[in-house]
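What follows is calculated from the coordinates using simple rules that are stated; it is not laboratory data. Quick caveat: nothing in here was measured; it's all calculated off a predicted structure. Neighbour counts run over all protein chains shown; Cβ positions are idealised from the backbone, glycine included.
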Amino acid sequence: MKSNLKISFLSTALAMLALPVVAQNAPSTPVTGQTIQERKENQQDRIGQGVQSGQLTAGEAANLEKKEASINQEERDMRKLDNGHLTTADKATLNQQQNQLSKDIYKQKHDAQTQNVNPKSEVGQRQRNQQERIAQGVKSGQLNARETARLEGREAHINKEIHNDRAANGGHLTPAEKAKVNRQENRTSRAIYRQKHDAQHR
């Protein structure tokens, strides 16, 4: 009898330990018990982790951050209508939107598109460095969703240009094209620095 009780207790304990892992992997598990702010921070952390790991390309991150920025704007508008507060209906609407965004983040992180995390070329290393800096800014809260969307949009544009130039030149970039990419990355680098050190935070 005692051994049955021990086994039952151990099984329950193991199941409880496994719950956080299952919750992390489930794409559409609704999050309960979190405030609106905690949910926003959780989504940003997931996007930042996806950028850093290479699971999210610059274009995917830009699209996700645009959606997050739109939800944040809607929250601000709701609060303006109610003297800085959110009604129960407001919270329900925002949670539904965050649930949908959560599913989108999961899908984008688990699709076939990835960012190279170990590039060999100088251009590729610059791209990776910019993504690392953006990911760090997202995770630290120095970059909000709107700022990140703009920065990732710039990176996505540069990446597309590089892809097109390589396709036109048998997989290579000419010295002139490399110089152009470096100028664009220099401008983006300065923009990342400015956005990370301004007064806007998550």
**Request:** Give the calculated FRET efficiency between Arg79 and Tyr193 to the nearest 0.05, with a Förster radius of 22 Å applied to their Cβ-Cβ distance.
**Result:** 0.10
**Message:** Taking 8 Å as the Cα distance limit and 6 or more residues as the minimum spacing, I'd like the relative contact order of the range 32-196 as a percentage.
**Reply:** 32
**Item:** Violating pairs (Cα-Cα greater than 30 angstrom) within the set Lys91/Lys160; Lys109/Lys160; Lys67/Lys120; Lys40/Lys120; Lys109/Lys196; Lys40/Lys180
**Value:** Lys91/Lys160; Lys67/Lys120; Lys40/Lys120; Lys40/Lys180
**Message:** Can you work out the Karplus-derived ³J(HN,Hα) for every residue in the range 109-116? Use 6.51 cos²θ - 1.76 cosθ + 1.60 with θ = phi - 60°, whole Hz, and x for glycine or proline.
**Reply:** 6, 10, 8, 7, 7, 9, 9, 5
**Net lengthening on full extension, Asn182/Asn169 (0.36 nm per residue, minus Cα-Cα)** = 2.9 nm
**Prompt:** Do any trypsin sites (Lys or Arg not before Pro) in the range 78-127 lie in a loop, going by DSSP, with at most 12 other beta-carbon atoms within 10 Å of their beta carbon, and if so which?
**Reply:** Lys120
**Request:** Give me the aspartates and glutamates in straight-line cross-link reach of Lys178: C-alpha distance below 12 Å, same-chain residues under 8 apart excluded.
**Result:** Glu122, Glu161, Asp165
**Fill in**
Ratio for the range 32-196, C-alpha Rg to 2.2 N^0.38 Å, reads 1.16
